[in-house]
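The values are calculated or read from the model by the stated rules, or taken from the named source; none is laboratory data. Please read these numbers as outputs of a predicted model, since none were measured by experiment. Reconstructed Cβ throughout: ideal geometry from the backbone, glycine too, with neighbour counts over all protein chains shown. For the accessible areas, the whole protein counts, side chains as well, though only heavy atoms, and no ligand, DNA or RNA atoms are used. Shrake-Rupley method; radii C 1.70, N 1.55, O 1.52, S 1.80 Å.
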Amino acid sequence: MKTSDTDTQVSRSDVAERIRLSATSDRPYQLLLRGTALFFGAVIVLFVWSILHTAWPALRAFGFHMVTGKTWAAGNGPYGALPLIIDTLLTTLIALVIAVPVGLASALALLFLIPQKVRSTASSLIELLAAVPSVVYGLWGVWYLIPWFTTTLQPFLAGITGGAWPFSGAPVGFGILLAGVVLSVMILPTIVAISRDVISVVPSELIEGGLSLGATRSQVFTRVVLPSARTGIFGAIALGAGRALGETIAVAMVIGSNPQIPHSLFSSGATLASTIATQFGEATGSTTNALAALALMLMIITASVNAGARVLTRRAARGAQ
Amino acid sequence: MSKTTLELPPDPILERREEIQKRAAQTLGRRTLVSKAFLVMLVLMFLVALLPLGSVIFALLQKGISSISWPFLHTLPSQPSLIDQNAIGGIGNAIEGTLIIAGLAALIAVPMALLIGLYLSESSSRVGDFLRAIVEIMTGLPSILLGVFAYEYVVVPMKGYSGLAGVVALAVLMVPVIAKASELAFRGVPTTLREAGLALGARNSRVSRGVIIPAALPGVITGVLLSLARAMGETAPLLLVIGTSISWAWNPLHGMSALSLLTYDYSGSQYPSQRAAAWGVALTLVVLVMILSLSSRLISARMRKERR
């Protein structure tokens with residue numbers, strides 16, 4: 001009968017052998033990791049290629065007119081994306097004008113003003129906004145915001161300017177303004193979460209220094225906290241903008257799907273993403289190519305905005321260390 | 001004895017300080033008032049930020065619950081006609097489609113994303129940095145672009161819409177999100193644990209399997225469940241590639257139905273009965289998504305507690 005002692009005894013040469021083995025036979029593992037990374041890289045290359053490749057015939061046929069052309073007509077063309085680009089930028093701008101002040105105020109309130117007891121609950125409520133699928137926001141916009149816009153908000157805004165620009169036109173509810181408002185709700189959680197994180201790492205010495213010099217709390221917020229967190233806040237805004245630029249379904253449901261250069265904020269419109277969503281299903285031939293060209297534009301815009309956001313948030317994180 | 005008097009020269013700094021103190025004292029009342037008003041405004045704006053959430057939840061409950069019933073959840077849809085406009089049937093196959101498409105996408109995405117997360121957490125090379133940048137930019141790209149991708153590489157070669165194309169789009173969408181979350185979780189594991197494992201003679205692969213992944217599990221699970229919740233709610237890529245189905249579609253090589261897409265379709269329907277039912281579909285979808293996001297919180301909170 002063997003004793004358990006001899007079972008567990010390992011000689012020194014065994015250990016040496018094992019160390020040698022572990023150094024050499026780690027190869028499959030490293031290859032697996034590298035292989036997967038490489039595979040995913042290849043998928044991304046294919047992804048970019050699929051869009052480039054499909055867009056190419058349209059780009060070759062229409063060239064730069066695709067970006068500067070003022071008329072978009074599915075079917076036989078012309079395929080001018082200028083109205084779509086303008087509408088995309090305009091809806092995103094409206095979303096930012098609403099969501100940035102509200103988001104920054106919420107971040108400050110969450111960090112400094114809300115009672116400690118309800119802070120984490122309030123935080124998760126804002127995060128809950130991010131978990132709601134975008135199609136639900138679209139549905140909400142159609143059923144709740146359109147009636148409110150037509151009966152209350154749009155007549156009120158038109159009253160301010162006397163029915164002149166930018167609040168001219170019939171108060172039909174759907175359109176650029178509604179899309180901007182729905183987008184503002186959708187990007188709010190992003191802006192709150194990230195600006196909260198960057199504001200929370202502002203050194204407390206700075207805040208206390210400001211207070212001890214006799215500044216009031218609002219002065220400390222606007223002159224100490226926000227300026228010293230500004231890089232990260234710009235990063236948060238850029239991430240929010242990236243989301244708004246590419247949001248598809250909710251916008252498609254509320255913007256009116258009318259590719260035109262808007263003459264007021266009440267106009268209906270169509271963004272790059274919403275046009276792909278609403279027209280891809282029936283598209284054939286040259287329209288498919290033109291829609292892929294829109295996808296390419298959207299990819300270039302959102303990728304650069306996201307890359308910018310990445311640079312800003314990284315710089316903010318490094319500055320905080 | 002002579003008396004000398006020392007006369008201090010006027011101190012500009014002192015004078016300036018007194019000036020500042022005087023000004024500060026004079027404006028104190030006004031500044032406090034402004035500050036109070038400002039703080040109240042901040043809290044009000046925060047409450048405004050919660051308003052849409054309240055409104056969406058209210059809408060879902062008010063309009064959704066009335067259209068949900070047991071038959072609605074497990075029967076097939078039917079096409080309303082001019083004779084019977086209320087014959088909308090159920091959404092059973094849409095629930096099934098959503099679960100199959102998202103489940104298969106997770107099956108493909110999770111192992112791949114974990115390996116990429118491991119690779120990113122271990123590598124400090126240029127290649128790793130580049131891949132990390134790509135992964136981060138991918139997480140912010142509009143999902144509809146992946147619809148175009150799946151259309152080109154799955155729908156066109158297979159000559160037809162299919163659930164599989166949706167699976168491909170969602171999987172590519174999920175990988176960067178999970179990879180990012182798991183890289184963070186893997187990096188959070190103390191280096192001493194890894195070194196202890198290596199010092200015992202274990203290989204890197206064994207250390208990853210036996211030490212790193214278990215230690216990082218709460219973070220990884222959170223990432224997986226959150227990305228799964230996000231994938232279930234995605235509509236745009238599915239709109240381009242999965243087509244539709246009005247029967248139980250167990251074969252992902254054919255067209256399928258999904259809750260998110262059905263919500264979109266119903267909301268634009270010509271029949272008021274279907275437009276109202278869109279809220280029932282949306283509520284079902286939101287409940288599924290919320291179960292996932294809440295359980296991710298519970299699981300990670302519980303696992304973190306157990307560790308202590």
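Mean partner shielding of peptide B:281-291, defined as the number of other chain Cβ atoms within 10 Å of each residue Cβ, is 3. Just need the relative contact order of chain A here, percent rounded to a whole number, with Cα pairs under 8 Å and 6+ apart. This gives 26 percent for chain A.
Label zone of B:L50 (point 7 Å out along Cα→Cβ, amide N under 20 Å): in segment A:128-159 this covers A:128-132. Rounded to the nearest 0.05, the FRET efficiency derived from the C-beta distance between B:E19 and A:R314 at R0 = 51 Å is 0.70. Take each residue of peptide B:261-268, count the partner chain Cβ atoms within 10 Å of its Cβ, and average: the result is 4.
Ordered by 1.4 Å accessible area with all protein chains kept, A:S168, A:S204, B:S208 run largest first as A:S204, A:S168, B:S208. For a Förster distance of 56 Å, can you work out the FRET efficiency between the beta-carbons of B:I246 and B:A196, rounded to the nearest 0.05? Plugging the Cβ-Cβ distance into 1/(1 + (r/R0)^6) gives 0.45. Here the Gaussian network model covers chain B, with springs between Cα atoms less than 10 Å apart; of B:L120, B:L107, B:L42, B:L42 fluctuates the most. Near A:G232, once Lys and Arg are set to +1 and Asp and Glu to -1 for all other residues with Cβ below 11 Å from its Cβ, the sum equals +4.
Relative to the longest principal axis of the Cα atoms of chain A, the long axis of helix A:116-131 lies at roughly 70 degrees. Between A:W72 and A:G80, the built amide H atoms are under 5 Å apart, and every one of these is 5 or more places off in sequence or on another chain. For the residues of A:281-288, the average number of beta carbons from a partner chain within 10 Å of their own beta carbon is 1. Protection proxy ranking for A:35-45, A:116-126, using the average of other Cβ atoms within 10 Å per residue and placing the highest first: A:35-45, A:116-126. Model label sites at A:F39 and A:S212, defined 7 Å from Cα along the beta-carbon direction, differ in position by 5.8 nm.
Summing +1 for each Lys or Arg and -1 for each Asp or Glu, what net charge is found among the other residues whose Cβ lies under 13 Å from the Cβ of B:S125? Value of the local net charge: +1.
Can you classify segment B:184-299 as rounded, prolate or oblate using the Cα gyration tensor, where a ≥ b ≥ c are the square roots of its eigenvalues, rounded means a/c under 1.5, and otherwise it's prolate if a/b beats b/c and oblate if not? Taking the square roots of the gyration eigenvalues as a ≥ b ≥ c, segment B:184-299 is prolate. Is the shape of chain A best called rounded, prolate or oblate, per the rule: a/c under 1.5 gives rounded, else a/b larger than b/c gives prolate, else oblate, with a ≥ b ≥ c the square roots of the Cα gyration tensor eigenvalues? Judged from the Cα gyration tensor, chain A comes out oblate (a/c at least 1.5, b/c at or above a/b). Restricting the calculation to Cα atoms, every distinct pair contributes to the Kirkwood radius of the protein assembly as shown, found to be 27.3 Å. Would you please give the residues with an amide H less than 5 Å from that of B:G89, counting only those at least 5 places away or on a separate chain, with H modeled from the backbone geometry? For B:G89, the qualifying residues are B:S78. Does segment A:229-321 come out rounded, prolate or oblate by the C-alpha gyration tensor, with a ≥ b ≥ c the root eigenvalues, rounded set by a/c under 1.5 and, if not, prolate when a/b is larger than b/c and oblate if not? Prolate is the answer for segment A:229-321, as a/c is 1.5 or above and a/b outweighs b/c. When its C-alpha radius of gyration is set against 2.2 N^0.38 Å (N residues), chain B gives a value of 1.52.
For A:K70, the accessible area of its heavy atoms, probed at 1.4 Å with every protein chain present, is near 140 square angstrom. With contacts taken as Cα pairs under 8 Å at a separation of at least 6 residues, segment B:97-258 carries a relative contact order of 37 percent. Placing a pseudo-label 7 Å from each Cα along the Cα-to-Cβ vector at B:D84 and A:S200 gives an inter-label distance of 5.5 nm.
All other residues with a Cβ under 14 Å from the Cβ of A:L312 taken together, and with Lys, Arg as +1 and Asp, Glu as -1, what is their net charge? Once positives and negatives cancel, what remains is +3. Gain on full extension, evaluated as 0.36 nm per residue between B:L61 and B:R302 minus their Cα-Cα distance, stands at 83.8 nm. Sequence-distant contacts, meaning Cα pairs under 8 Å at least 6 residues apart, place the relative contact order of segment A:139-221 at 24 percent.
Highest GNM mean-square fluctuation among A:Y29, A:Y137, A:Y79, for chain A modelled with Cα contacts below 10 Å: A:Y29. Accessible area per residue was computed with a 1.4 Å probe on protein heavy atoms; B:I20 scores about 90 Å². For B:M303, the solvent-accessible surface computed with a 1.4 Å probe is close to 40 Å², ligands and nucleic acids excluded.
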